[in-house]
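Encoded as structure tokens, the structure appears first; notes follow it.
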Amino acid sequence: MSLLGNLLWLLFGGFIAGLGYLLGGLALCLTVVGIPFGLQSIKLGLAVFAPFGKDVVELPDANSVPRVVFNLLWVLLFGWPIAVAHLTSAGILALTVIGIPFAVQHIKLIPLSLLPFGRDLR
């Protein structure tokens, strides 16, 4: 079921969303200061390509001081508009019965898009 869900996800917007994450990550990696944020954006892009059958997991050192600082900077600079985009997409998709599984995937991606440092989609 997750293979079918991921294929439909890619066809109906998941590919564009993942590509946006990847391109944004590559742009962030052009500067030395942006490399940690670019790597997280690339990680999110790869996760967005196939979210069905995966869960957000917190890594053992997710709440270390550097990761908390990076997450705070991420939320202020990049995370909140990404989370709003996922929430908006989920709201629109939830209006139809067919879109509900895709809305659930967008909701699942919100915590990862807000706090990517120390979390992963596995």
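The values are calculated or read from the model by the stated rules, or taken from the named source; none is laboratory data. What you see is a predicted model; the values in this text were computed from it and never measured. Cβ coordinates were reconstructed from backbone atoms using ideal geometry, including for glycine residues, and neighbour counts include every protein chain displayed. Please note that ligands, DNA and RNA were not included when accessible areas were found on the heavy atoms of the full protein model with its side chains. Shrake-Rupley method; radii C 1.70, N 1.55, O 1.52, S 1.80 Å.
Here are the numbers:
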| item | result |
| --- | --- |
| Sulfur and carbon atoms: percent of accessible area, the chain [1.4 Å] | 80 |
| Segment 51-95 - convex hull of alpha carbons, volume per residue in Å³ | 81 |
| Protection proxy ranking of 35-42, 6-13 - average other beta-carbon atoms within 10 Å, highest first | 35-42, 6-13 |
| Between 0 and 90°, nearest 10: helix 35-49 axis offset from the chain longest Cα axis | 10 |
| Difference of contour (0.36 nm per residue) and Cα-Cα distance, Val75 to Ala27 | 15.5 nm |
| Max mean-square fluctuation residue, GNM over the chain, Cα-Cα springs under 10 Å, options Val68, Val56, Val32 | Val32 |
| FRET efficiency estimate (nearest 0.05) - Cβ-Cβ, Leu39 to Ser2, R0 22 angstrom | 0.30 |
| Relative contact order [Cα under 8 Å, 6+ residues apart], segment 33-122, whole percent | 45 |
| Helix-only CD estimate at 222 nm, as mean residue ellipticity for the chain, using -39500 (n - 2.57) per DSSP H run (n ≥ 4) | -19500 deg cm²/dmol |
| Convex hull of Cα atoms in the chain, direction-averaged projection (nm²) | 7.1 |
